[in-house]
Amino acid sequence: MLVKKEEISSWDSKYRLKFINSLSGYKGVHLIGTKGKKGTTNLAIFNSIVHISSEPARIGFIMRPLTVRRDTYENIIETDSFTINHVHKSFLEQAHFTSANFNSDESEFDFCNLKEEYIENFNAPFVCESTIKFGLKLIEDMEIKESGCRLIVGEVQVISTKEEYIEEDGQLDLEKANDVSVTGLNQYSSVKKLTNISYARKEALPNFNQKKRPDNVVFDEESQSYNANILPYGTNIGAPSINLSSVSVWKSRGINSFNHVLKSKIEGIKDEYETLVKTYELNELIYNAKYSFEPIIGEVYHLYEKDNTDENFLSIIPPHTWKRKHLGSFKLSSEKVWSEIND
């Protein structure tokens, strides 16, 4: 599938939004907590958190254009402080619904049943349910002129996490924390650690042209896992051999079987169509005939050709009692459909 710029522009706006948002792949999910000067707290879900630098420790996020009221932005500008809280599986749904359109005097903490927490007298509220969270001081507010979005950069002031998440080399194990990630706007996924690869140095570059494993080792490159135990056939050397029958013979049998089934179905459809046409013609003939009474369902009526005229007429008089040209005898069903009665 190849998609060009002109086609993207022609898409439905909601479809385009989700597709392009998914294009950049998995993104972390975080809740940004703020509090305005009037004391009202605010909580909003973001998937645009970015690392800026480690010394000093600075982290930023992308804010959409200020074309509507943005409580998160207004609170950060007023107080110079905000918190970033990792979202875990345990409160994912609550976090998701912080994106609903609440009034400026309403707190998402209350409506989404999340608890405010204050650490080390930091002004902005943390999410108590989050086990990886940090408070930041506003350093820079930059407008991205092309789109009107803003890059908000903060310097980390305080961090709260569990010691068990921190690995020996300093990295955080987000799988242990049950973190979630997102593609698009609302398609969430679990975070699963795959592997650690050593720091990239040219002199330590592996030989990527060399096979990593022997041919008889069953390893799935896509999932990067050994999968012999889930395959529907034996994979070790002692497993029964798999003998393939002649594909041409199999195809020939398949084609013959398919043709037979298809031909039977076509004949059935053809017969049904012819029956429907006959029923339609018969009913058109009777409904266009002349009669001055209302036919009773289930009773038998007789259709006659009227003398010296093209107009037929319907009667209850049986054909053996007079010498009219009899066109047929018919019965009316409850669905108001006429069917012919054979003598």
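The values are calculated or read from the model by the stated rules, or taken from the named source; none is laboratory data. Because the structure is predicted, anything quoted here is derived from the model rather than measured. Because the Cβ atoms are built from the backbone with ideal geometry, glycine has one as well, and the counts that use them run over all protein chains shown.
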Legend entry - Residue satisfying all of: in segment 72-87; within 23 Å of Gln187 (Cβ to Cβ) and in contact with a Lys or Arg (Cβ under 8 Å, 6 or more places away or on another chain); surrounded by the most Cβ atoms within 10 Å (Cβ to Cβ) among these: Asn85
Legend entry - Checking Asp105 against (1) surrounded by 13 or more Cβ atoms within 10 Å (Cβ to Cβ); (2) closer than 16 Å to Gly36 by Cβ, the condition it does not meet: (1)
Inset, instruction - Only residues in segment 47-63 that are assigned by TED's automatic domain parsing to the domain that holds Tyr26 and of a type outside the set (Phe, Trp, Tyr) count as the first member; pair them with residues that are surrounded by 11 or more Cβ atoms within 10 Å (Cβ to Cβ) and assigned to a loop (DSSP other than H, G, I, E, B), Cβ under 6 angstrom, at least 6 apart or cross-chain, and list the lot. - result: Asn47/Val29; Ile62/Ser48
Legend entry - Positions within segment 297-343 being part of a loop (DSSP other than H, G, I, E, B), under 25 Å from Thr275 (Cβ atoms) and not basic (Lys, Arg), in sequence order: Ile297, Gly298, Glu299, Ser333, Ser334, Glu335, Val337, Asn342, Asp343
Inset, instruction - Return the total of residues in segment 120-165 being outside any strand (DSSP E or B), small (Gly, Ala, Ser) and within 16 Å of Thr72 (Cα to Cα). - result: 1
Legend entry - Test: Lys35 is within 30 Å of Leu174 (Cα to Cα) and at pLDDT 90 or above: yes
Legend entry - Among the candidates Ser160, Ser130, residue that is touching a residue at least 40 places away in the same chain (Cβ under 8 Å), under 17 Å from Leu31 (Cα atoms) and either β-branched (Val, Ile, Thr) or surrounded by fewer than 20 Cβ atoms within 10 Å (Cβ to Cβ) (or both): Ser160
